[in-house]
1. Report yes if Arg194 is touching a helix residue (DSSP H, G or I) at 6+ places or on another chain (Cβ under 8 Å), basic (Lys, Arg) and over 23 Å from Glu17 (Cα atoms), otherwise no.
2. Being within 15 Å of Pro122 (Cα to Cα), surrounded by 21 or more Cβ atoms within 10 Å (Cβ to Cβ) and among the hydrophobic types (A, V, I, L, M, F, W, C) is the filter here, so list the residues in the stretch 62-106 that pass it.
3. Which one of these is within 16 Å of the ligand (Cβ to nearest atom) and not aliphatic (A, V, I, L, M): Asp112, Asp135?
4. Does at least one position in the stretch 218-239 carry a residue that is assigned to a loop (DSSP other than H, G, I, E, B), crowded, with 19+ Cβ neighbours inside 10 Å and of a type in the set (A, V, I, L, M)?
5. Cβ-Cβ under 7 Å, sequence separation 6+ or interchain: first residue in the stretch 24-39 and more than 19 Å from Ile206 (Cα to Cα), partner among the aromatic types (Phe, Trp, Tyr) and more than 9 Å from the ligand (Cβ to nearest atom). Which pairs?
6. Might you let me know whether the stretch 197-209 holds any residue that is small (Gly, Ala, Ser), under 20 Å from the mean Cα position of the chain (by Cα) and at pLDDT below 95?
7. Just the residues that are assigned to a helix (DSSP H, G or I) and buried (at least 21 other Cβ atoms within 10 Å of the Cβ), please, taken from the stretch 176-204.
8. What pairs come up if the first residue lies in the stretch 229-241 and is touching a residue at least 60 places away in the same chain (Cβ under 8 Å) and under 16 Å from Ile174 (Cα atoms), the second is aliphatic (A, V, I, L, M) and not in a helix (DSSP H, G or I), and their beta carbons are under 9 Å apart, counting only those six or more places apart or on different chains?
Amino acid sequence: MPLPVFDVVRGSFLDGEGIRTVIFLQGCPLKCLWCHNPESQSSSPLRKIRYYTTDELHELILRDKSYYQVSNGGVTFSGGEPLLHIQALKDLVKALWEDGVSVAFDTSGYFDCEAFERDLLPHTRDLLYDLKIMDVSAHRQATGQNNDVILQNLRRLAETSVHIRIRIPLIPGITATNENLRAIAQFMKSLGLRNYDLIPYNPSCIDKLKKMGLTPDSSLPEQPMSRAEELQCKEIMDHEFSLTPCR
Ligand code: SF4
């Protein structure tokens, strides 16, 4: 079954451990105000989607196998929401696992957990799992979806052996508030999760949205956060809650 891909990055150090090939798959059930990959959404006129067969992706991913081996790296499926494509990924992920390639998913957490556990989890080492906003109505307002599926899936997966790294996008005034970060940290601790990344706000999302003919939400700042503001967020996670930053 062909997979819709809008980007492939080889030699990445950003999306998981070691050297990675990152496959960006099109489609996402969320519509975050700050999305940096709006081309991943099916309605985007910016999208340049190419359909790859699973054999093509398999061959492309194996090209860098020697780099994965020396760096504890592998392949990361990102998006969009890669777990919209569980059925199409199933055989590819199993084949990669059998080839000794470590597989990670960079996910919004909004997916069919039963299908994931059945078809992909046995061959998945890592999840890079977004937690954006704990308050349900603020989450719906900023992303277009409730967070109940995301939180419930995380509760369920925290009890499995998959390695989970929580990713928190720092959006000033939306996700990067003391109250929200404390709520995320408390939730992580309640599940026994320790590892996290803070993803700094990048105002380039504003230009991307304008290019798509959309009006960016007026709450999005035009400037990045200051280093001091970022460190304040990190302080909450590291020192108040003793969590472990991954980068
Ligand atoms: S979950 Fe990620 S890809 Fe989907 S809309 Fe939000 S930021 Fe964009």
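1. On the way: touching a helix residue (DSSP H, G or I) at 6+ places or on another chain (Cβ under 8 Å): yes; basic (Lys, Arg): yes; over 23 Å from Glu17 (Cα atoms): no.
Taking the combined requirement at face value, the residue does not satisfy it.
2. Taking the stretch 62-106 as the starting set, the residues that turn out to be within 15 Å of Pro122 (Cα to Cα) are 83, 86-87, 89-105.
The next check asks that each one be surrounded by 21 or more Cβ atoms within 10 Å (Cβ to Cβ); those that pass are 83, 89, 92-93, 96, 101-105.
Scanning the stretch 62-106 gives Leu83, Leu89, Leu92, Val93, Leu96, Val101, Val103, Ala104, Phe105.
3. Numbers: Asp135 fails: within 16 Å of the ligand (Cβ to nearest atom).
Asp112 is the lone residue from the list that is within 16 Å of the ligand (Cβ to nearest atom) and not aliphatic (A, V, I, L, M).
4. Let us first name the residues in the stretch 218-239 that are assigned to a loop (DSSP other than H, G, I, E, B), namely 218-226.
Right, trim to crowded, with 19+ Cβ neighbours inside 10 Å and you get 225.
From the residues that got through so far, the ones that are of a type in the set (A, V, I, L, M) too are 225.
Yes, there is a match, as at least one residue in the stretch 218-239 is assigned to a loop (DSSP other than H, G, I, E, B), crowded, with 19+ Cβ neighbours inside 10 Å and of a type in the set (A, V, I, L, M).
5. Taking only residues 6 or more apart or on different chains, the pairs are Phe24/Phe6; Leu25/Phe77; Gln26/Phe6.
6. Restricting attention to the stretch 197-209, the residues satisfying the condition of being small (Gly, Ala, Ser) are 204.
Remaining after also requiring under 20 Å from the mean Cα position of the chain (by Cα): 204.
Checking the rest, the ones that are also at pLDDT below 95 come to 204.
Scanning the stretch 197-209, I find at least one residue that is small (Gly, Ala, Ser), under 20 Å from the mean Cα position of the chain (by Cα) and at pLDDT below 95, so the answer is yes.
7. In the first step, residues of the stretch 176-204 are kept if they are assigned to a helix (DSSP H, G or I); the result is 178-191, 204.
The answer is Asn180, Leu181, Ile184, Ala185, Met188.
8. As it stands, the answer is Glu230/Leu170; Glu230/Ala176; Glu230/Leu198; Cys233/Ile168; Cys233/Leu170; Cys233/Ala176; Cys233/Leu198; Cys233/Met225, since those pairs meet every condition given.
The values are calculated or read from the model by the stated rules, or taken from the named source; none is laboratory data. It should be emphasised that the depicted structure is a prediction, and the values quoted were computed from it without experimental measurement. Note that each Cβ is placed from the backbone with ideal geometry, even for glycine, and that neighbours are counted across all protein chains shown.
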